[in-house]
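The values are calculated or read from the model by the stated rules, or taken from the named source; none is laboratory data. Computed from a predicted model, the values in this text were never measured in an experiment. Ideal geometry is used to build each Cβ from the backbone, glycine not excepted, and the neighbour counts take in all protein chains shown. Note: accessible area is taken over every heavy atom of the protein model, side chains too, but ligands, DNA and RNA are not part of it. Shrake-Rupley method; radii C 1.70, N 1.55, O 1.52, S 1.80 Å.
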Amino acid sequence: MLTIYIVQFSITVITLFTFYMIYSVANIEEFDLINEIALITIIPFNGLIIILITIFATFLFGLPIRINTKINNWWKTNNIFSQTLFLCGIIILLASLVPHFELVLKSIPYIPFTIIGWFIVSFCLLHYYPKTFLGIILFY
């Protein structure tokens, strides 16, 4: 049972880190030496801190799913709910990258969509229970 928690944690960290780095690259105005060094050193470290705080918050928010047996059994049998929410979170994250002004000098992600999609993706990946090991490989 511990291995599924390690897989859930690892997949969540990898997915959120990928999105964080995409947003970080989109946020850089010009590529000079200082920004490139920050992109390699400081930004990934800040991203890991933000990701760990996010995972802790979504773990606490989803704790009733793990503790209450009725909710846990329902969540495990109806895992299509988690998959659908995950896809909605990805769509919201991608929609936040779409420019929302007519004149676009720099594409700034839409912050409310980013936060909502970020937490939905984190919650769904952290609390996804596939029925088989093949389900882990196919979904992730």
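Exactly one residue out of Phe31, Phe17, Phe9 is open to solvent by 50 Å² or more (accessible area, probe 1.4 Å), over 22 Å from Tyr128 (Cβ atoms) and not hydroxyl-bearing (Ser, Thr, Tyr), and it is Phe31. Per the listing Ile55, Ile34, the residue uniquely without any contact (Cβ under 8 Å) to a residue 60 or more places away in the chain and in a helix (DSSP H, G or I) is Ile34.
The sole residue among Ile53, Ile49, Ile40 that is out of contact with any helix residue (DSSP H, G or I) (no Cβ under 7 Å at 6 or more places or on another chain) and farther than 20 Å from Cys124 by Cα is Ile40. Within the stretch 83-100, the set of residues being at pLDDT below 85 and hydrophobic (A, V, I, L, M, F, W, C) comprises Leu97, Val98. Out of all the residues in the stretch 61-76, is one or more surrounded by 14 or more Cβ atoms within 10 Å (Cβ to Cβ) and over 19 Å from His127 (Cβ atoms)? No, the conditions are met nowhere in the stretch 61-76. When Thr15 is tested against (1) among the polar types (S, T, N, Q); (2) modelled with pLDDT of 85 or more; (3) more than 20 Å from the chain's Cα centre (by Cα), just one condition goes unmet, and that condition is (3).
Once the stretch 104-129 is narrowed to residues that are under 17 Å from Ala26 (Cα atoms) and not in a helix (DSSP H, G or I), the residue that is modelled with the highest pLDDT is Tyr110.
Of the numbered criteria (1) among the β-branched types (Val, Ile, Thr); (2) within 15 Å of His127 (Cβ to Cβ); (3) modelled with pLDDT of 90 or more, the one Ile6 fails is (3). I'm checking my understanding of the structure. Among residues of the stretch 39-54 that are open to solvent by 70 Å² or more (accessible area, probe 1.4 Å) and not aromatic (Phe, Trp, Tyr), which one is nearest to Phe9 (Cα to Cα)? It comes out as Leu52.
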